[in-house]
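S.K.: A single structure is presented below for examination.
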Amino acid sequence: MNCPVCKNEIEVISQEETAQYKPVNLKLNSRRDGFNIPFSCSLCHSLKFNYTPARDVLFVWPYPRPTQTQGGIHLVDEKFIGGSYVDELAPDRAIVLAIGPGYFDKKKHRFVPTHSIEIGDVVRYNKKVPWKIELRNDNGEKFPVTLCGFADCYAVE
């Protein structure tokens, strides 16, 4: 069955008055790992991102900062400290929202596609390099999205 809103393949998980759905491809689920991604379908909650990056750029949604350490120490908000120490604790993991098609390598005279990363993959990236921009979701709300280059992603989980 396909979602009537986003056209992703979905399955029905309950048949009550308000039916509930979930995407078949779990990598496209916007409610995972304990946080929500605001760029999602209103019916089935699968990732729905209306922007396409150019060249070899990726739009990613970073994992949230930890609120406490593994030992149980609560971390304060970055506005109370200078932000440099808290930024070091920020995870370098993100979920891929959109992928550019690739780039043309002038030295080798060939097109280099970005086919090894898919939408919904969890990637590790160099958090010193990316840029942040604000994009609107389907409801018109603005959210910060991180841009990074394909070369700045060094692992796919």
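S.K.: Using 0.36 nm per residue of separation minus the Cα-Cα distance, give me the extension gain between Glu11 and Trp131 in nm, one decimal.
M.R.: 39.6 nm
S.K.: Oh, and also: Could you run the Karplus curve 6.51 cos²θ - 1.76 cosθ + 1.60 with θ = phi - 60° over segment 45-60 and give me ³J(HN,Hα) per residue in whole Hz, x for Gly and Pro?
M.R.: 6, 8, 4, 9, 10, 8, 10, 10, x, 8, 6, 10, 8, 10, 9, 10
S.K.: For the pairs Lys48/Lys132; Lys48/Lys127; Lys7/Lys142, flag any whose C-alpha to C-alpha distance is greater than 28 Å.
M.R.: Listed pairs above 28 Å: none.
S.K.: Taking H as built 1.01 Å from N, whose amide H comes closer than 5 Å to the amide H of Leu135, not counting residues under 5 places away?
M.R.: Here Phe143, Val145 satisfy the definition.
S.K.: Taking R0 as 30 Å, what's the FRET efficiency between Lys106 and Leu43 from their Cβ-Cβ distance, rounded to 0.05?
M.R.: After rounding to 0.05, the efficiency reads 0.10.
S.K.: Tell me which residues come under 5 Å, amide H to amide H, from Tyr103 once H is placed; ignore anything under 5 positions away on its chain.
M.R.: Amide H neighbours of Tyr103: Val112.
S.K.: Going by C-beta contacts inside 10 Å, put Phe150, Phe35 in order with the fewest on the left.
M.R.: Fewest-to-most ranking of Phe150, Phe35: Phe35, Phe150.
S.K.: Treat the count of other C-beta atoms within 10 Å as a stand-in for reagent exposure and order Cys44, Cys3 from fewest to most.
M.R.: Cys3, Cys44
S.K.: Below 11 angstrom from the Cβ of Cys6, what's the summed charge of the other residues (Lys, Arg +1; Asp, Glu -1)?
M.R.: That works out to 0.
Only the coordinates and a few stated rules stand behind these numbers; no lab work does. The model shown is predicted, which means the values in this text are computed figures rather than measured ones. Cβ sites come from the backbone with ideal geometry, for glycine too, and all protein chains shown count toward neighbours.
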